[in-house]
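The values are calculated or read from the model by the stated rules, or taken from the named source; none is laboratory data. Nothing here was measured: the structure is a model prediction, and the numbers come from that model. In this analysis, Cβ positions are derived from the backbone assuming ideal geometry, glycine residues included, and neighbour counts consider all displayed protein chains. In case anyone asks, the SASA skips ligands and DNA or RNA and just uses the protein heavy atoms, side chains included. Shrake-Rupley method; radii C 1.70, N 1.55, O 1.52, S 1.80 Å.
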Amino acid sequence: DAKTTQPNSMESNEEEPVHLPCNHSTISGTDYIHWYRQLPSQGPEYVIHGLTSNVNNRMASLAIAEDRKSSTLILHRATLRDAAVYYCILRDWGGGFKTIFGAGTRLFVKA
Amino acid sequence: DGGITQSPKYLFRKEGQNVTLSCEQNLNHDAMYWYRQDPGQGLRLIYYSQIVNDFQKGDIAEGYSVSREKKESFPLTVTSAQKNPTAFYLCASSTLWASGSRFEQFFGPGTRLTVL
């Protein structure tokens with residue numbers, strides 16, 4: 001399984017944009033990039049996913065590098081409720097059940 | 001509302017006792033999963049099941065057992081053979097053949113197990 005690398009933690013001010021990076025230099029052509037987040041003492045929840053093109057939804061935006069070796073999750077205006085651990089995950093288009101969650105990036109949001 | 005329920009939220013057991021964690025889903029999902037999370041760590045896959053009466057070991061299955069007698073239920077037993085069972089346990093479910101595009105696992109609220 002291709003691995004991802006994320007910073008251990010990041011800090012942001014409330015109401016400011018946050019850019020969470022993820023490196024996946026061994027990504028294969030059939031791997032989708034997924035992001036989940038885990039609020040304290042809860043299970044992870046889906047945030048966004050993409051393959052090659054940048055993606056937007058109501059929660060966040062996903063910017064994917066042209067060579068697909070890295071991606072960035074963008075929270076446009078951080079709120080205190082966005083403080084969580086964010087996981088960047090690769091999944092093969094064919095599915096499969098072994099989803100590898102690394103340690104993720106813990107986002108701290110300051111008021 | 002559709003979702004996944006896990007009970008209890010907190011569980012305390014004495015060392016050497018087996019304990020069973022409950023997981024129920026009403027999302028009509030075929031696939032179900034159990035993960036373990038230790039403080040500051042990511043999730044590690046214990047077992048997963050694609051269909052009733054069938055399940056496969058994940059990365060850390062030793063000391064755990066599961067059953068899948070009903071589509072909506074996937075209980076996990078932490079046996080006395082598990083060397084360090086104190087952890088946060090998460091159950092999840094998903095559709096069976098996710099095409100890769102928006103493969104989404106739905107997670108329960110978790111059970112925090114403490115072995116004294």
_Going by what's in this entry, would A:ARG37 be described as open to solvent by 20 Å² or more (accessible area, probe 1.4 Å), touching a strand residue (DSSP E or B) at 6+ places or on another chain (Cβ under 9 Å) and within 17 Å of B:LEU43 (Cβ to Cβ)?_
yes
*Sort out which residues of the range A:1-31 are open to solvent by 50 Å² or more (accessible area, probe 1.4 Å) and either under 25 Å from B:THR111 (Cα atoms) or within 13 Å of chain B (Cβ to nearest Cβ) (or both), and write them in order of number.*
A:ASP1, A:LYS3, A:THR5, A:ASN8, A:SER9, A:GLY29, A:THR30
_Here are the criteria: (1) closer than 25 Å to B:ILE4 by Cα; (2) open to solvent by 10 Å² or more (accessible area, probe 1.4 Å); (3) among the aliphatic types (A, V, I, L, M); (4) within 12 Å of another protein chain (Cβ to nearest Cβ). Tell me which single one A:LEU51 does not satisfy._
(1)
_What pairs come out if I take residues in the range A:32-48 that are facing chain B (nearest Cβ under 8 Å) and pair them with residues that are among the acidic types (Asp, Glu) and open to solvent by 20 Å² or more (accessible area, probe 1.4 Å) whose C-beta lies under 6 Å away, six or more apart or interchain?_
A:TYR46/B:GLU104
